Amino acid sequence: MNNYLPLENYKPLRDIVFDYMKNAIITGEFKPGERLMEVQLAEKLGVSRTPVREAIRKLELDGLVVMVPRKGAYVSDLSAKDLLNAFEVRQSLEGLAASLAAERITDDELKQLKEILDKFYEGIVENDTDKLIKYDQEFHDCIFNASRNEKLVQIMNNLQEHVHRFRVKYISDYKKSKKLYQEHKKILESLEMRNSDNAQKWAEKHIQNFQNDLVKDMKHFSNGE
């Protein structure tokens, strides 16, 4: 099935192709370990091989693609080491963002967080993985924005693409959605009380627990369980 790109987009063609392929990797459309064939991708997207080749090279620099000699380009795999590296950084960033947000968040943002948390709970009730992924990300994004620290938001955005790959790959197998909800609720309550220490504690604990469960899941997958 062809998936021609919107070439009327104001961006250069190479950037349009890159953005599409990067998003396809992050969202799991292109699976870890999948080979990226220039000819097939060019035909699918309705472009020449040149922008596809340029996109693959750029994705390799971002760590999302690996080049295997005499074999070609493959979507980089998700390893336990990758997860630990990403979540070690994320844990500190989330704690700092929650601490700052407790001091700077507005009443409207608190209301927005509550609405997001309600939507997340709907995802649990409906067993809707897409909804869980969407509102989990929105919950954390809202806290980062409420920190009023643009540099912190920028750093997290750079890390987000790697974190999102883990979220997409494993949240459908993550059996502790109610636990996630309760931890989100604790963070929200700390923000409502303007308690920076508690907000940081619960934000860091939340990421640590999520990391621990994902590592367990990865071990199960690697063992074929």
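The values are calculated or read from the model by the stated rules, or taken from the named source; none is laboratory data. The model shown is predicted, which means the values in this text are computed figures rather than measured ones. Areas reflect the complete protein model, heavy atoms only, side chains present, ligands, DNA and RNA absent. Shrake-Rupley method; radii C 1.70, N 1.55, O 1.52, S 1.80 Å.
The figure for Arg104 is an accessible area of roughly 100 square angstrom, using a 1.4 Å probe on the protein chains alone.
Within straight-line reach of Lys31, meaning a Cα separation under 16 Å, sit the following lysines at least 8 residues removed in sequence or on another chain: Lys22, Lys169. The angle separating the long axis of helix 196-222 from the principal Cα axis of greatest extent in the chain is about 40 degrees. Compute the acute angle (0 to 90°) between the alpha-carbon long axis of helix 129-146 and the principal axis of greatest extent of the alpha-carbon atoms of the chain; round to the nearest 10°. On a 0 to 90 degree scale, this one is about 60. Each of Arg70, Arg90 has its accessible area taken with a 1.4 Å probe; listed largest first, they run Arg70, Arg90.
Residues whose amide H falls under 5 Å from that of Val65, counting only those 5 or more places apart or on a different chain, are Glu60, Ser76, with hydrogens built in the peptide plane.
Between helix 150-170 and the chain there is an angle of about 70 degrees, using the helix long axis and the longest principal axis of the Cα atoms.
Taking a probe of 1.4 Å, how large is the accessible area per residue of the chain, in Å²? Walk me through the numbers before you get to the answer.
Numbers: 12250 Å² over 225 residues.
Spelled out: the 1.4 Å probe surface of the chain, per residue, equals 54 Å².
Over the chain, with every protein chain in place, what whole percent of the accessible area is carbon and sulfur at 1.4 Å, could you tell me?
Numbers: 5840 of 12250 Å².
So the carbon and sulfur contribution to the accessible surface is 48 percent.
Surface calculation, 1.4 Å probe, protein heavy atoms: Lys178 sits at approximately 140 Å² accessible.
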